[in-house]
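See below for the structure under consideration.
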Amino acid sequence: MEKILLIEDEELIIRLLSKKLAAIGYDVSLAMDGREGLEKIKQIVPDLVLLDIVMPRMGGFEVMAEMKKDEKIAGIPVIIISNSGQPLELERAKDLGAVDWLVKTEFDPKEVAEKIQKYIRPTD
Amino acid sequence: MDKPIYSNSAPPPPAKLSPGDQSLRERELAELSEMKARLEEANGVLEVRINAKTRALRELAANLEKEMKERTEELRRKVAESENSRVALMNMLEDMEDLRRRAEEEREKTMAIIANFSDGLMFFDARDRLALVNPRIENYFSINKTESKNMIGGRISDIVRFAPMSPLGEVFAGSLERVSRRELSLNEKTVFEVSVLEVAGRAGKIGTLLIIHDISREKMVEKMKTEFVSIAAHQLRTPISAIKWTLRMILDGDLGPINDEQREFLDKTYKSNERMINLINDLLNVTRIEEGRQVYNSVVADIEEVVRGLIANYEDMARQKNLNLSFEKIAPVIPTVKIDLEKIKLVASNLIENSLKYTPAGGKISVTLGEEDGNAMVEVIDTGIGIPAEQQDRIFTKYFRSANAIKAETEGTGLGLFIAKNIVEAHGGKIRFVSEPGRATKFSFVLPPAEFN
């Protein structure tokens, strides 16, 4: 089963998205902030990371910068899910290796799942 | 007066003769008598002449006297006249002194006003040389009286070389060109607004006045307001996206079955939430425009594809409102444009949505794509309520909504056209409209071809 790690500090979003992704057929792990997320990335080595930007302890940009330093996890595709989508932030995320950027008000869980499928397909 | 003054008619005394000379004496006597007669005759002639002369002289004297009198009279008159003139002249001099004093007072008043004026003032004479600096300028640029005096007589190009005044160099490349309310940041806290206007008198240009107005406070308030809106909008996004996601999943059946009534309510709630998201996005766009940090990611694009895609999005909505929404390409070749796709879509969406909102059922909305002076041109024409003539000049103003628009549709932020105008102009394009209230409205925007952008 394809492994997705969801790093997000908002409980409602976590519950909704993990439910949706699990229903589709992904193996979803959760982390509530960037530091916990980074540890879990190293530990689980997921197939894809869904990453929020503004979080306590460690933000999304820092997580990506740390991932780049470790070649075992450097190549894992990262999709940003954020509340804002400033062009400058998008640029920075792209430079750090993010494959996509989704603004939460513009996408719903179903559309997020569709985006994910562009990168990893769930195991039937 | 005719009586002779002088007479020779008195006979001379008889001569005494001796007896022996009787005959001689008689002859002599006769001769004498003859001579006497001649003399008397001559005397008479003389007398006549003298009297004539005298008369003439008397006449002359009389004439002279008369003339003297006349001349004297004339002289007296002239003296009187000149006295009058003298008095008049004195009065005039007095008046002039009065005027001079008043002018001096006025000058002092004017100087006091200039000195105490709340704005910084620099006056350049007709030859563009600094003639006057008020204390506020010294204040603003932290220079002392001597330094300020030393600038007098200099041109603006000389003045900006003086270090404390150098920020002005940002506004004036070299000459004292006319500027209106140009912003000038001295440092993070101090922002000035610089204006230059020509001062003309009755005889033409007297000089040029440079006015410096401190807008630091307004700028700070404006910045705080923008920051507040930006923070509020960002903060609102978090709960709103959670609401959106929850409603969506319930509606999609991901959280279990719902009945028709629940679906109807949740669907309406979802739509309200979408409106809230649009409002927040508008507010964020406005704050980005105002802070000048709207970033454009321009790519070469086919505008036809963009517009056709949008029309497809609005077809359902048009059908629901019983409106005829059509698209037509009215020029054979449309110039290729270099645009920020998302932002130009927002412009076209705003115009189409306005037409959908403000056109009564049964009406028509036609979107056309054409070309004008080498630019790509998009037009949105509707048979809607229009814009009242007296409010047309305010239509692109932030938060402005026309009276009939508010009546027709209570919801609306008054931000759509403000955003549209800013986006189009940031692309080097233009947006305009014509509207016949109660009948029709046409909004057009042009975008320059790719090579010029």
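The values are calculated or read from the model by the stated rules, or taken from the named source; none is laboratory data. Small disclaimer: the values here were computed from a predicted structure and weren't measured. So basically every Cβ, Gly included, is an ideal-geometry build from the backbone, and we count neighbours across all protein chains shown.
Is it the case, given these coordinates, that B:Val306 is in a helix (DSSP H, G or I), touching a residue at least 12 places away in the same chain (Cβ under 8 Å), more than 14 Å from every other protein chain (Cβ to nearest Cβ) and not hydroxyl-bearing (Ser, Thr, Tyr)? Yes.
Among the residues of region A:16-31, just one is in a loop (DSSP other than H, G, I, E, B) and buried (at least 18 other Cβ atoms within 10 Å of the Cβ), namely A:Tyr26.
Here A:Asp33 does not fit the description of being free of Cβ contacts under 8 Å to residues at least 40 places away in the same chain, more than 14 Å from chain B (Cβ to nearest Cβ) and farther than 26 Å from A:Thr105 by Cβ. Residues that are assigned to a helix (DSSP H, G or I) and small (Gly, Ala, Ser) were ranked within region B:415-438; the one that is farthest from B:Asp340 (Cα to Cα) is B:Gly416. When each of B:Ile280, B:Ile250 is tested for being in a helix (DSSP H, G or I) and under 22 Å from B:Glu353 (Cα atoms), the lone residue that passes is B:Ile280. Return yes when B:Ser175 is under 20 Å from B:Ile156 (Cα atoms), free of Cβ contacts under 8 Å to residues at least 40 places away in the same chain and exposed (fewer than 14 other Cβ atoms within 10 Å of the Cβ) and no when it is not. Criteria not met by B:Ser175.
Scan region B:196-251 residue by residue and report those that are out of contact with any Gly (no Cβ under 9 Å at 6 or more places or on another chain), of a type in the set (Val, Ile, Thr) and touching a residue at least 12 places away in the same chain (Cβ under 8 Å). Those that are out of contact with any Gly (no Cβ under 9 Å at 6 or more places or on another chain), of a type in the set (Val, Ile, Thr) and touching a residue at least 12 places away in the same chain (Cβ under 8 Å): B:Val196, B:Ile206, B:Thr208, B:Ile215, B:Thr226, B:Val229, B:Ile240, B:Ile243. Every condition in (1) touching a residue at least 12 places away in the same chain (Cβ under 8 Å); (2) surrounded by fewer than 19 Cβ atoms within 10 Å (Cβ to Cβ); (3) within 12 Å of chain A (Cβ to nearest Cβ); (4) hydroxyl-bearing (Ser, Thr, Tyr) is met by B:Thr287 except one, and the failing one is (2). With the structure loaded, tell me whether B:Gly412 is assigned to a loop (DSSP other than H, G, I, E, B), at pLDDT 90 or above and not β-branched (Val, Ile, Thr) or whether it fails that test. Judged against the criteria, B:Gly412 is not a match. Find the residue count for region B:266-282, including only residues that are away from every other protein chain (no Cβ under 12 Å), touching a helix residue (DSSP H, G or I) at 6+ places or on another chain (Cβ under 9 Å) and surrounded by fewer than 18 Cβ atoms within 10 Å (Cβ to Cβ). Selection size over region B:266-282: 3. Could you tell me which numbered condition A:Phe61 fails, if it satisfies all but one of (1) more than 14 Å from chain B (Cβ to nearest Cβ); (2) more than 23 Å from B:Glu291 (Cβ to Cβ)? Condition not satisfied by A:Phe61: (2). Hey, can you tell me all the residues within region A:7-26 that are among the acidic types (Asp, Glu) and either more than 10 Å from chain B (Cβ to nearest Cβ) or under 17 Å from A:Ile80 (Cβ atoms) (or both)? Of everything in region A:7-26, those that are among the acidic types (Asp, Glu) and either more than 10 Å from chain B (Cβ to nearest Cβ) or under 17 Å from A:Ile80 (Cβ atoms) (or both) turn out to be A:Glu8, A:Asp9, A:Glu10. Looking across B:Ala37, B:Ala10, one residue alone is of a type in the set (A, V, I, L, M, F, W, C) and at pLDDT 85 or above. It is B:Ala37. Checked against (1) of a type in the set (A, V, I, L, M); (2) assigned to a strand (DSSP E or B); (3) closer than 19 Å to B:Glu436 by Cβ, B:Val378 passes all but condition (3). Number of residues in region B:135-158 that are without any contact (Cβ under 8 Å) to a residue 24 or more places away in the chain and either of a type in the set (Gly, Ala, Ser) or closer than 11 Å to B:Leu210 by Cα (or both) equals 3.
This table checks each residue for (1) at pLDDT below 90; (2) of a type outside the set (Gly, Ala, Ser).
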| site | (1), (2) |
| --- | --- |
| A:Asp95 | yes, yes |
| A:Ala98 | no, no |
| A:Trp101 | no, yes |
| A:Asp108 | yes, yes |
| A:Val112 | no, yes |
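The set of residues from region B:244-288 being under 26 Å from B:Leu415 (Cβ atoms) and touching a Phe, Trp or Tyr at 6+ places or on another chain (Cβ under 8 Å) comprises B:Lys244, B:Leu247, B:Arg248, B:Val286.
The residues on offer are B:Glu261, B:Glu328, and the sole one that is in a strand (DSSP E or B), away from chain A (no Cβ under 14 Å) and either polar (S, T, N, Q) or farther than 30 Å from A:Leu88 by Cα (or both) is B:Glu328.
Conditions (1) modelled with pLDDT under 90; (2) touching a helix residue (DSSP H, G or I) at 6+ places or on another chain (Cβ under 8 Å); (3) closer than 30 Å to B:Arg136 by Cα, marked per residue:
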site: B:Val48; (1), (2), (3): yes, no, no
site: B:Leu57; (1), (2), (3): no, no, no
site: B:Asn63; (1), (2), (3): no, no, no
site: B:Lys66; (1), (2), (3): no, no, no
site: B:Glu97; (1), (2), (3): no, no, no
site: B:Arg100; (1), (2), (3): no, no, yes
site: B:Met111; (1), (2), (3): yes, no, yes
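Once region B:383-431 is narrowed to residues that are of a type in the set (Asp, Glu) and in contact with a helix residue (DSSP H, G or I) (Cβ under 8 Å, 6 or more places away or on another chain), the residue that is surrounded by the fewest Cβ atoms within 10 Å (Cβ to Cβ) is B:Glu411. Of the residues examined, A:Glu39 is not one that is within 14 Å of chain B (Cβ to nearest Cβ), farther than 17 Å from A:Pro122 by Cα and surrounded by fewer than 22 Cβ atoms within 10 Å (Cβ to Cβ). Looking at A:Ile76, A:Ile4, just one residue is away from chain B (no Cβ under 14 Å), buried (at least 17 other Cβ atoms within 10 Å of the Cβ) and in contact with a Ser or Thr (Cβ under 8 Å, 6 or more places away or on another chain), and that residue is A:Ile4. Taking (1) surrounded by fewer than 19 Cβ atoms within 10 Å (Cβ to Cβ); (2) closer than 28 Å to B:Gly416 by Cα; (3) at the interface with chain A (Cβ under 7 Å from one of its Cβ atoms); (4) not β-branched (Val, Ile, Thr) in turn, B:Ser241 satisfies each apart from (1).
Screening B:Ser148 on (1) more than 13 Å from B:Gly120 (Cβ to Cβ); (2) surrounded by 16 or more Cβ atoms within 10 Å (Cβ to Cβ) shows it passes everything except condition (1).
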